[in-house]
Amino acid sequence: MSFKKISAVVAAFAFGFVACDSDSSSGPQDEPFLTSSSSQSVSPASSDVTPMSSDSETRVSSSADPESSSSSVAPQPSSSETIVSSSGVVVEYGALQDPRDGKSYKTVVIGGKTWMAENLNFVTDSSFCVEDVPANCDKYGRFYQEFDAEDACPEGWAIPQASDWRDLTNAVKEEFGDNNGSLRAVGEWENTIFGDNVTATNASGFSALPAGYRAKTGEYDGQGTKAYFWGEDNMNHYAWILSNQYDLDKESLIRGYFAYSIRCIKN
């Protein structure tokens, strides 16, 4: 074989090798992790982002150590924290510590008003845990009969008035297009025989749990499908009911010996 032919073969082989290597070096690029409704983004490897396991939310802790790895960061108790909900809405939680027993609660601002984002769990003479199981109070808070409910909130907080409940429903309807799914905690509400008409998103951060209620007979009902909260209207106390099928609304009857949950609102 002549020298010219050998040179041509070698050149062709080298060109094919370089072309093949160039094709294999390309690949998909990582998408940025969106943490708010603004255009700013955080890399998926950011050290201060920890995924929530309970309801598909992402927690951005304000107290995270920027030099630690993401796998070693745990949620830290603080006066504020930001949650990116499963629907992509950013919710900023505050904190309330009850000076009477030292218990701490999340708070959230909705429509310009500050609400507890968890049910009250302060022990009174006429308060109860779901199914009389003490561990249930840690999740659902306590049920209160009417004569205990009025004074159950800590100083500076109170039972919501009817106007407060209406402002809440109007605020979330205006912002999220509904006043049921955006108030409900994700992954806690059961279907009924009629089906679940609304998807729970907790976009508002209110985190309503379907604790149900305690009847005056001592029986418990509604767990998994309904939440009952005390509210005041013209000096009378009514339950405000949120179900997995209907929007938040006031019960028509006064049932003082029934026991319901409490969500205090800041005065």
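The values are calculated or read from the model by the stated rules, or taken from the named source; none is laboratory data. Keep in mind that what you see is a predicted model, and the values were worked out from it rather than measured. Don't worry about glycine lacking a Cβ; one is built from the backbone with ideal geometry, like all the others, and counts go over all protein chains shown.
Table for the structure above
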{"quantity": "Failed item, numbered, when Ser182 is tested on (1) within 23 Å of Asp132 (Cα to Cα); (2) outside any loop (DSSP other than H, G, I, E, B); (3) under 17 Å from the mean Cα position of the chain (by Cα)", "calculated": "(1)"}
{"quantity": "Whichever residue in region 105-121 is in a strand (DSSP E or B) and among the aliphatic types (A, V, I, L, M) and, among such residues, is nearest to Phe229 (Cα to Cα)", "calculated": "Met116"}
{"quantity": "Exclusive hit being over 16 Å from the mean Cα position of the chain (by Cα) and not in a loop (DSSP other than H, G, I, E, B), set Glu155, Glu190, Glu174", "calculated": "Glu174"}
{"quantity": "Region 156-183 residues that are farther than 29 Å from Arg100 by Cβ and touching a residue at least 40 places away in the same chain (Cβ under 8 Å), paired with ones that are hydrophobic (A, V, I, L, M, F, W, C) and assigned to a strand (DSSP E or B) (beta carbon under 6 Å, 6 or more apart)", "calculated": "Ala171/Ile110"}
{"quantity": "Any chance Gly102 is surrounded by fewer than 18 Cβ atoms within 10 Å (Cβ to Cβ), farther than 22 Å from Gly224 by Cβ and at pLDDT 95 or above", "calculated": "yes"}
{"quantity": "Answer from Glu188, Glu251 - the residue that is over 27 Å from Ala95 (Cβ atoms) and acidic (Asp, Glu)", "calculated": "Glu251"}
{"quantity": "Hey, Val73 closer than 26 Å to Cys137 by Cα, modelled with pLDDT under 95 and crowded, with 16+ Cβ neighbours inside 10 Å or not", "calculated": "no"}
{"quantity": "Answer residue from region 196-218, given it is of a type in the set (Ser, Thr, Tyr) and surrounded by fewer than 17 Cβ atoms within 10 Å (Cβ to Cβ) and is farthest from the chain's Cα centre (by Cα) among those", "calculated": "Thr217"}
{"quantity": "Condition met for Gly187 (surrounded by fewer than 23 Cβ atoms within 10 Å (Cβ to Cβ) and closer than 28 Å to Gln145 by Cβ)", "calculated": "no"}
{"quantity": "Filter result (surrounded by fewer than 17 Cβ atoms within 10 Å (Cβ to Cβ) and at pLDDT 95 or above) within region 145-165", "calculated": "Glu155, Gly156, Gln161, Ala162, Ser163"}
{"quantity": "Test for Asp221: is it of a type outside the set (Lys, Arg), surrounded by fewer than 18 Cβ atoms within 10 Å (Cβ to Cβ), under 22 Å from Leu120 (Cβ atoms) and touching a residue at least 24 places away in the same chain (Cβ under 8 Å)", "calculated": "no"}
{"quantity": "Yes/no for Gly256 being surrounded by fewer than 15 Cβ atoms within 10 Å (Cβ to Cβ) and at negative phi", "calculated": "yes"}
{"quantity": "Index of the failed condition, Thr124 passing every other in (1) part of a helix (DSSP H, G or I); (2) surrounded by fewer than 20 Cβ atoms within 10 Å (Cβ to Cβ); (3) among the β-branched types (Val, Ile, Thr)", "calculated": "(1)"}
{"quantity": "Condition check for Asp138: part of a loop (DSSP other than H, G, I, E, B) and farther than 21 Å from Asn267 by Cα", "calculated": "no"}
{"quantity": "The lone exception for Asn136 - which of (1) in contact with a Cys (Cβ under 8 Å, 6 or more places away or on another chain); (2) among the polar types (S, T, N, Q); (3) modelled with pLDDT under 95 it fails", "calculated": "(3)"}
